[in-house]
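Enquirer: Provided herewith is a single structure, encoded as structure tokens, for subsequent inquiry.
What follows is calculated from the coordinates using simple rules that are stated; it is not laboratory data. Remember, it's a predicted structure, so these values are computed and weren't measured experimentally. Using ideal geometry, Cβ is built from the backbone for each residue, glycine included, and neighbour counts are taken over all protein chains shown.
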């Protein structure tokens, strides 16, 4: 929790085990075969450790994933978690608040979301595997492990890279997003 | 970081441990009456831990647990969380002659959690002179880390450390452990210590 890891060696698996209201965020550069994963616990806070909080986790994870060999403009994001497991109390919306904060930070960082498995009431385990391709899977409590469709990742647009001027990246749209 | 999660003196931690011991002792008596078997109680662990340490301490993160949460309101805002593994839950179902994972067995577990948490909170209130009222219990069956992280985080107050206040009840002669955690909300530990006068 509040940890992050990057990988590029074929055979590497990055995972977030037992996500409840937390968000597992993966940043992937499919062409470079590099991925980084952070286990984000809260929307905002003092930034220590950075991966604990959405607003600091996104830029720090992007930097670390680029340092591991990814191209900054080729990064795409996968979000898993943010469940609301309990209904008591006023503050149990933290799962949704976490997701919203991560999405806002991704927009600011110009990183498109290509897949998400978020919300609901159950815990999840998120795995990102690096092999010939980068693949992602989710195991939700009481369900079999399922692969997330990352179709957008293999689509090459062939356009020039982002100038950084547009507020929302449009090179890759979030068409394969799954939200339960 | 909330000021109240800063540090506690050894004396204050001892007082909290004693409080947990009295509360869990009372819960043990309730459980004995309910299922008609002797119940063992380990000395409670009370420590200030980082969130991930607390979760690590509790067991394998992906392990399936029945989690029963009982929120308490009044002079002191807290949750009691009971964690039972599937084998332990099966023993409890058996004690009541209920089928595994049926609606009846789920409601029995929630009610059991309610009774144990009320016993725990009742002694806590008497011991500290505070008024505490339990709310209806909520049962989830999920991964240990998902349950515990969500409950410990509460309303998302950024605290570097959490008070890990853990009592283990076990049904003697059976592989059935019930773990009881007292999870004070932000600021509540300070109130509690004030009432205890340590």
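Enquirer: Return the ratio Rg/(2.2 N^0.38 Å) for segment B:78-125, where Rg is computed over Cα atoms only.
Expert: Relative to the 2.2 N^0.38 Å estimate, segment B:78-125 comes out at 1.23.
Enquirer: Mean-square fluctuation check for chain B, GNM, Cα pairs under 10 Å: which of B:154, B:97, B:40 is largest?
Expert: Evaluated over chain B, the most mobile residue of the options is B:97.
Enquirer: Below 8 Å between Cα atoms, with a sequence gap of 6+, how large is the relative contact order for segment B:76-198 in percent?
Expert: After rounding, I find 44 percent.
Enquirer: Arranged from highest to lowest average of other beta-carbon atoms within 10 Å per residue, in what order do the peptides A:47-55, A:67-75, B:162-170, A:142-150 appear?
Expert: B:162-170, A:47-55, A:67-75, A:142-150
Enquirer: Assuming R0 = 56 Å, can you tell me the calculated FRET efficiency for the pair residue A:88 and residue A:151, based on Cβ-Cβ distance, to the nearest 0.05?
Expert: Efficiency, from the Cβ-Cβ distance: 0.90.
Enquirer: Okay, next question. Could you list log10 I(q)/I(0) for segment A:65-112 at q = 0.24 Å⁻¹, which the Debye formula gives when each Cα is one point scatterer?
Expert: -0.88
Enquirer: What relative contact order, as a whole-number percentage, does segment B:1-148 give when Cα pairs under 8 Å and 6 or more residues apart are counted?
Expert: It comes to 34 percent, rounded to a whole number.
Enquirer: Based on other C-beta atoms within 10 Å, arrange A:125, A:87 from fewest to most.
Expert: Listing A:125, A:87 from fewest to most nearby Cβ atoms yields A:87, A:125.
Enquirer: Can you list, bin by bin at 10 Å, the percent of alpha carbon pairs in segment B:1-107, starting at 0?
Expert: The calculated distribution, bin by bin, is 11, 34, 37, 15, 3.
Enquirer: Okay, moving on. Taking the Cα atoms only, what angle lies between the long axis of helix B:103-128 and the longest principal axis of chain B, rounded to 10 degrees?
Expert: The angle comes out at about 30 degrees.
Enquirer: Same structure again: Evaluate the distance, in nm, between pseudo-label points positioned 7 Å from the Cα of residue A:96 and of residue B:73 along their respective Cα→Cβ axes.
Expert: Going by the 7 Å Cα→Cβ label model, 2.0 nm.
Enquirer: Just the number, please: Stokes-Einstein D of segment A:1-100 in µm²/s, Kirkwood Rh from C-alpha pairs, 37 °C, 0.692 mPa s.
Expert: 240
Enquirer: With the crude spin-label approximation of a point 7 Å out along Cα→Cβ, what separation in nm comes out for residue B:100 versus residue A:73?
Expert: According to this spin-label approximation, the distance is 5.7 nm.
Enquirer: For the pair residue B:175 and residue A:132, how long in nm is the line joining their label points, each one 7 Å along Cα→Cβ?
Expert: Reported label-point gap for residue B:175 and residue A:132 is 4.3 nm.
Enquirer: Also, quick follow-up: Where the Cα atoms of the protein assembly as shown are projected onto their three principal axes, how long is each span, largest first, in whole Å?
Expert: 72, 46, 32 Å, listed from the longest principal axis down.
Enquirer: Could you please state, rounded to a whole Å, how far the C-alpha centre of segment B:91-144 is from the C-alpha centre of segment A:90-122?
Expert: Answer, in whole Å: 32.
Enquirer: Can you give the mean number of other chain Cβ atoms that lie within 10 Å of the Cβ atoms in peptide B:137-148?
Expert: Averaged over the peptide's residues, the number is 6.
Enquirer: Once you treat every alpha carbon in segment B:36-155 as an equal point and sum by Debye, what is log10 I(q)/I(0) at q = 0.17, 0.18, 0.19 Å⁻¹?
Expert: Log10 of I(q)/I(0), two decimals: -0.98, -1.09, -1.20.
Enquirer: Now for a separate question. Over all residues in A:15-23, what is the mean tally of Cβ atoms on other chains that come within 10 Å of each residue's Cβ?
Expert: Mean shielding by partner chains, rounded to a whole number: 6.
Enquirer: Sequence gap at least 6, Cα distance under 8 Å: using those rules, report the relative contact order of segment B:1-72 to the nearest whole percent.
Expert: 29
Enquirer: Counting helices only, and only those DSSP H runs with n ≥ 4, report the 222 nm mean residue ellipticity of chain B as the sum of -39,500 (n - 2.57) divided by its residues, in deg cm²/dmol to the nearest 500.
Expert: About -14500 deg cm²/dmol.
Enquirer: Treat the count of other C-beta atoms within 10 Å as a stand-in for reagent exposure and order A:126, B:127, A:86 from fewest to most.
Expert: Fewest-to-most Cβ neighbours within 10 Å comes out as B:127, A:86, A:126.
Enquirer: Cα atoms only, segment A:65-153: Rg and Dmax in Å?
Expert: Computed over the Cα atoms of segment A:65-153, radius of gyration and Dmax are 14.6, 46 Å.
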